[in-house]
Each structure stands twice: as C-alpha cells, then as structure tokens.
1. Using only helices, what value at 222 nm comes out for chain B when you add -39,500 (n - 2.57) per DSSP H run of length 4 or more and divide by the total residues, to the nearest 500 deg cm²/dmol?
2. Once the protein assembly as shown is represented by equal point scatterers at the alpha-carbon sites, with solvent omitted, what log10 I(q)/I(0) does the Debye formula produce at q = 0.07, 0.14 Å⁻¹?
3. Which net charge results when you count Lys and Arg as +1 and Asp and Glu as -1 among the other residues whose beta-carbon is under 11 Å from that of B:Asp91?
4. What residues have an amide H closer than 5 Å to that of A:Ser40, excluding those fewer than 5 places away on the same chain, when H is modeled at 1.01 Å from N in the peptide plane?
5. Can you spot the lysines whose alpha carbon is less than 17 Å from A:Lys92's alpha carbon? Ignore those fewer than 8 places along the same chain.
6. How big is the antiparallel share of DSSP beta bridges in the protein assembly as shown, given as a percent to the nearest 5?
7. Tabulate in residue order the Karplus-calculated ³J(HN,Hα) for the stretch B:211-227, using 6.51 cos²θ - 1.76 cosθ + 1.60 with θ = phi - 60°, rounded to whole Hz; enter x for Gly and Pro.
8. How big is the Rg/Rh ratio for chain A, C-alpha atoms only, Rh by Kirkwood, two decimals?
Amino acid sequence: MEYRNVLTTCVYCGTGCRLYLEVLDGQVVGILPAKTDPVSEGKLCIKGWNAHAFIHHQDRLTKPLIRGNGRFIEAGWDEALDLVAERLTAIKEKDGPDAIGVLSSAKATNEENYLLQKFTRAVLGTNNIDHCARL
Amino acid sequence: MKRLEPLKKVVAEALRELDGVLALRAKWGGVAPHLFKGQEELEELAIAPKYPLPQTLRLIQRAHPESRLGLVVRGCEERGLIEMAKRNQIDLERIRVIGLACTAEEAQDCRCARPYPGLLTDIIVGEKTEAVPNELVEEFLSKGREERLEFWKKQFAKCIKCYGCRNACPQCFCPECTLEDEIWVETGRIPPPFPSFHLVRAMHTVGKCVGCRECELSCPANIPLTTLYALIRREVEEMFGYETGGDLEAQPPLVLPMELESGDGI
C-alpha cells in the first residue's frame, strides 16, 4: 500500500501551472492542484484536472510502430530511427528542406523542444516547426 | 507553528499501531496529502494549506479495504467523514481520526461555524477557537429575490466549466456525474447554461456539503460557491432540522423520505 503525490508541471500549455500527480500503488490515479503554486494559486482548468489521463491510457504508444502493407508493425528503436533518418534525408534531397514540417509537443520538456527546433533548423534546414501548446 | 510538534507526536504514536497515517507533507517546496508509513517521514509533516483528505481516504480504502489507517482532520473534514460514512463511501470502523483545531485566522478565512473536530475523536491538536458568523450569508439574505438571482447569474457567467468544484469535493463521488450528462447540461458551451450546471450541483450538495470550501478554493473564476452552499445548508437545517455533518446517527433529509415511502410498500 503506497499513496503519494508527485509535484510536476501541467503539460498542456505554456502557463505552467504546477500540479500533483496522485500515485496509488504505482499507478497515477488523479490530479490535485498545487495550492502553494504562485502561478495557478491552486486553481486548474479542465485540461489540468485531466493532465494524467494519457499516462496509463490504453491507446498510448509505448513502442515504435512502422507502417508496412497498410498496417502498423512493432519495431525496435534503432530500426525506427534509421528509417526516419533515411526517409528525411531522401525527402530533403528530392524536394528540399521546406517539404518537411515538424510538430513538437508540450508533453516533452523545454530542453527537448529546444533540441527539436535546433534539429529542424540546423539539421533539416527548414523553419517549419510548431507545437501543440500554441493552439 | 505551535500545532506542528504536538501533531508529530500524535502521528508518531499512531504509526506504531496502524498501517499508515494520511496527512499533509511538505516536500519540493509544496504541500500535498501523503500516506505516512515510517517515523523518518515525519520531519516532512505539514499542517497547511489544507487539502480534501477525506476524498483521499476514500481512494485508499477502496483499494485496501482491510487497511488500518489514521487520518488528520480539521472540523470540516470530520463533518465530511460523517456524511461520507452515511453513504457507505468510507469505513469509519477502520480509521483513527486525529483532530486538528483551526487557528482563529483560519476560522475567519472560512467563516467557519465549527472550526474544530471532536465528533469522531477525543484527540484534538491545537486550541479550539470560536465559531465565526457568516456575514456574507446574512448580507445576502437581506437582498431581494431579483437582486439575488442577478448576482448568481453574473457569478456563473464567469464559469469556465473546469469541473474543479466537483473534482475537489469529497462529497462528489457518483460514478456517473449528472454534470457530464447532456440530458441535464448542454455540452459544448462555456459558460455552461444557467441554471442547470450550477444549480444541479448545488442541489446535489443538500445534506452533504459541510462547508470545507475546497470547491471555492479551486475555482479559477472565484465564484463564491461556499456562500451558495451555506445558504442551502441553512435551509436544510431550518426545514428539516438536519445539521449537515453534525451527527452520525441523524438521517439525511433526502434519504429519509425514500425510506418512509419504501416502508409503505413502494
């Protein structure tokens, strides 16, 4: 029997409300507002109250999938990343870097988002980068 | 923090005999509910800001019905436990209630009519302070019907339909919520339609709301929900003689008629 609360930041927008993930026996079962947080002052929007819903969701992808013959097949990380690198290189060579667009995620960390825009601009060579939290 | 050290002692003692004690923990620069299991964790025990601990107790008891737990409660939370127990949401037989009296300042913030526990326990940490009259309720009742209606319309127009009032409420435990049912509340509208969303919720607090203020404290739009529910609580007391959360044996008014009717063979 274990119940604890883990302090984190809401992943849904740039406001950055802190909140607690309620952990019961190793599963995230709910959200509590962080009442001492100066940003949210212990008040959340509907997204914040449901910020844990994807964690154990049955539809969440936990392994890379490669589409072949019209269906998704589980693959290893090396295989998946090799394929991505190969295809991005081919598209860039054939149609130019602006044929590629990158969508990042608020569910990634600030540093990961920085790296992704750096990769998009410096490696792929396009400014086509955006993210879901700007919606 | 005159209450913290005495509370640590009481919790430490309880931990020797129980599987765990549910209380507040200060960690990472914040305060949140925590199930204390070892003495070494008690350095992190905290008192405020309060959280709806009865709701957490329900969650843990449902997963571990055999557990023997302690629970640190303020007056409002103890009253909440009483109403939850009447509706079979928690098992009072399996918990040890550790009371914590609110300070005069805390009682003032909540305009609390009973800022101390003592209905389910003899253990009370801190000094009992005086009840605080709710001047907002008095002021409200002096206004006319139209003025009151306009006031609430204005307040509910601020609602962003976050469901925070419901989520934070230890007395909201229905597996299916009317507020998410489009028969009752039209979907896709912000603010939600008046009066269905807010008055359905208000009606559902009858005989259950003990004025813990968790709904109001979690409201991003600062809607004075505690005042609305205090008005309802007052009506319940005047009409049915029912003091919400005041007596474990008293039957809640919305349950009583059903039982009387079923006694008539319905």
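1. That calculation yields -11000 deg cm²/dmol at 222 nm.
2. Evaluating at q = 0.07, 0.14 Å⁻¹ gives log10 I(q)/I(0) of -0.43, -1.29.
3. Neighbourhood net charge equals +2.
4. A:Arg18
5. Cross-link targets: A:Lys118.
6. Antiparallel bridges: around 65 percent, rounded to the nearest 5.
7. x, 7, 6, 4, 4, 5, 5, 9, 7, x, 9, 6, 7, x, 5, 4, 5
8. Across chain A, the Cα-based Rg/Rh ratio is 1.06.
Bear in mind that the values in this text are calculations on the coordinates, not laboratory data. Just so you know, these numbers come straight off a predicted model, no measurement behind them. For neighbour counting, all protein chains shown are included, and Cβ atoms are generated from backbone atoms with ideal geometry for every residue, glycine included.
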